[in-house]
Amino acid sequence: MKKWIVLFLLAAAAGGGWWWLHRGNTDAPEYQTTTVASGPMTQIVTASGALNPVINVTVGSQISGIIQKLFADFNSPVKAGQVVAQLDPATYRAIVHQMEGELANAKAALELAQLTAARKKELVAQNASTKADLDTAVATLHQAEATVLVRQANLEKANVDLSRCTILSPIDGIVISRSVDVGQTVAATMNAPVLFTIANDLAKMQIDADVAEADVGTVEVDQAVAFTVDAFPYRTFHGKVVQVRNAAKTVQNVVTYDVVISVSNEDLKLKPGMTANVSIIVAQREKSLMISNASLRFRPPDEQAKATPATPAGGPGGRRGRPGGKASRERTVYVLSPAGKPAPAPVKLGINDGIATEVLEGLKEGDTVITGMTSTATKPGGPPAPNPLSGGGMRRF
C-alpha cells in the first residue's frame, strides 16, 4: 500500500510540474477594444496671443522741454484735438520774438536796397554814375529780398515749434498709458519720447495669435474662434479670424504666423495685454463616425515584429503622415473577428479632434476596433512575455 501511495504522489507531482511548465501555451491574448460611435466632432487649432486695441496710438513730443501741465491721466476719455499736455513754452516764445526782430531788420535792409537801386538807376540815366554801381545796387537788392524770405521761414518754424508745446490727442479714445509727470524733462533728440498711449475703442479689440506653421494651412478668414483668459477661467469668449498675415516669425527655431482675430468687448471685461488661449475652429461635423486615436497606433505582435525603422509611416499603426497626404487619409485599423483574432480593416479618415478621428469609409457604427493588448501568451517555464503595446518591458528601436 505504501508503494502505491508513493507512486501516486510522484505521478501527481509530475503532472503538476508538466502543467506548470506548459500552462502558457493555452493562454490567449486579451485585447482592449472600443466601439465605433457617431456624434459631433470639431477639429481645432490651438494658439496663444495678446489682446490689443484695434487702433492703438502713441502720443509723443517732437520738441524737447519740461512738462508744465498734464490734462489727461490713466483711463481718461479724450477727443481728437483735445489738449492732453503742455510743455514750458518760454524758450520757444523767446525764439519767436528773436525771429520777428530778425525779419524786421531784413525788411529794413530790403527797403534801403530798393531806394539805393532806384537812385543808382536815376544817376546812370543822367550819366552821373557808372553801370557797375547800378549792377552792384541791383544785386544787393536781390540779396535783401532773399534774406527777407529766409527770415520769414525762420519765423514760421519758430511759431510751429511754439505750437508744438501744446500736445493734442490725435484720435477719440481712452488713455491706457501715461509715461510722464509734471516737471519731467522730455528730450526729442533722436526719437520722439512717448507721453501717452491712447486706444481708439476698447469695445472692439483684436488678438494677435501666433499659429505654428504646421497648422496655419488650415486657418482661413471668417473661421469662428473660442478663447479664454486667465482673468476669467470659467468664461469662454468668441471671435472671428479677420486676417492671416504672411510675415513669418522665428523664435527658437519655431516658425509661426500672426493670425488676427476680431473680438467684441462690449462689457469691457477684456483688458489690453491679456494673454488669450485661442481655439480656432477649422472643421466641424454635426454627426460623424468616430474611432479612438489609439486604434490607429495598434498593431498585432506579428505585424510589429515585421516593422523596421525603414517601414513607411503610412502602414498599419505607423506614424501619422503629412496632413492632407495619402498616408494621413488612408490607414489600416484592426477589428476583432468572431474568432477573437485581429483582422485588418482599411479605412479612410477625415478630421481629427486630438482624441478621436472621423471615419469616412471602411467601418460602420457598432464595429469593434482594437486599441491595445492587456496580455499575451506566456513562454513555457517563464514569466508572461512583455507586451510592447501595453507599455511593459523594454522596446528596441
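The values are calculated or read from the model by the stated rules, or taken from the named source; none is laboratory data. Only a predicted model underlies this, so the values are computations on that prediction, with no experimental measurement involved. Note: ideal-geometry Cβ built from the backbone for every residue, glycine included; neighbour counts use all protein chains shown.
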- Yes/no for V244 being β-branched (V, I, T), on the phi < 0 side of the Ramachandran plot, crowded, with 19+ Cβ neighbours inside 10 Å and in a strand (DSSP E or B): no
- Query: In segment 91-118, how many residues are surrounded by 14 or more Cβ atoms within 10 Å (Cβ to Cβ) and out of contact with any helix residue (DSSP H, G or I) (no Cβ under 8 Å at 6 or more places or on another chain)?
  - Reply: 1
- Residue check: is A385 modelled with pLDDT under 50 and either out of contact with any Cys (no Cβ under 9 Å at 6 or more places or on another chain) or of a type outside the set (G, A, S) (or both)? yes
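Return yes when I167 is part of a loop (DSSP other than H, G, I, E, B) and under 20 Å from Q86 (Cβ atoms) and no when it is not.
Criteria not met by I167.
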- Task: Give just the number: which of (1) farther than 30 Å from D88 by Cβ; (2) of a type outside the set (D, E); (3) in contact with a Gly (Cβ under 6 Å, 6 or more places away or on another chain); (4) buried (at least 17 other Cβ atoms within 10 Å of the Cβ) does I198 not satisfy?
- Result: (1)
